[in-house]
Amino acid sequence: MFKFFARRSDLPLDRDAHSQFLPWLIAFMVFLAVLAMAGMLMLNAVAERWDQGVTGTLTVQIAPSEDPSEDDIRLRNALTILASTKAIDRYEVMSDARVLKLLEPWLGGIANSDELPLPRLIDVELHSGADLDAAQLTERLAARVPGSSVDDHRVWLERLVSLIRTVQTLATMVLFFIAMATVGTVIFTTRTGLAIHREAIEVLHLIGAQDSYIARQFARRALALGLTGGLLGLVLGIPTLMAIGYLVGRMDGFLLPSLHLAGYHWILVGLLPVGVALIAMITARTTVLRSLAKML
């Protein structure tokens, strides 16, 4: 497959039976690395979107009563309090249609019923960098607007982002373990090849071949096998990511965030086979040089 790397070799490395399993092992590890990296990148994008969209926002809720005119009075009083709060940049009363849309994922068809009492929701946005005491605002609203409450999104957002960062850390650890497993596999394969071709290597030394010359042959072979396995793992990983994205896209967007990879994310994922192949090449070269130094 990779004839470009198939230069003349004084060692019959292509005939080694043990090296035939290396591409498949690397393919499996690259497949796992593709899933781990894609998950890490998508979670990071989700955390950034939620952070930008929710940080600095509040929601004021006014429970409905049996008298609509009383609800209008309470709404005006709440807006007056919000207008006098310096930390608030803007506020907007959500329409009934928007409230119904928010309730639909949980209530289903009941949400479209005209008899359903709807709370009045006010979307509040704070000034950039403003520090608002949500407890104090809640007390002010409760004093003039009975049945009102303040939902501070920063509380649950911090917990959610903390959970996402924890999962990202686990994904990073998975990538690290995959890299270490790749290194260990290449070391084992290379040392086995050195043992098999020990007599041929000693002959090459006798005729003047340097260690670097022998190491290059093992390194080129590891690079070719690494690219073969890496591309195979990538070919298996990309359809899996697309299938996961399709299944998530079919689910309700209110329950799950949109999970998509940006353009540069695909580039990073696509570079995984190259990275694994380079790790295999460097590992093989280093292993051979150290082993040959001990043989002398």
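Tabulated data for the structure shown
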{"read-out": "Out of 145, 203, 161, sole residue that is within 25 Å of residue 288 (Cα to Cα) and of a type in the set (Val, Ile, Thr)", "value": "203"}
{"read-out": "In the range 199-211, the residues that are assigned to a helix (DSSP H, G or I) and over 10 Å from residue 11 (Cα atoms)", "value": "199, 202, 203, 205, 206, 211"}
{"read-out": "Matching residues in the range 6-43 - criterion: being modelled with pLDDT of 75 or more and among the small types (Gly, Ala, Ser)", "value": "27, 33, 36, 38, 39"}
{"read-out": "The listed residue being in a helix (DSSP H, G or I), in the same structural domain as residue 268 (by TED's automatic domain parsing) and under 16 Å from residue 27 (Cβ atoms), out of 214, 178", "value": "178"}
{"read-out": "Selection count where residues are modelled with pLDDT under 85 and either closer than 30 Å to residue 264 by Cβ or among the small types (Gly, Ala, Ser) (or both), scope the range 44-87", "value": "15"}
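The values are calculated or read from the model by the stated rules, or taken from the named source; none is laboratory data. Note that the structure is predicted; figures quoted are calculated from it, not measured. Using ideal geometry, Cβ is built from the backbone for each residue, glycine included, and neighbour counts are taken over all protein chains shown.
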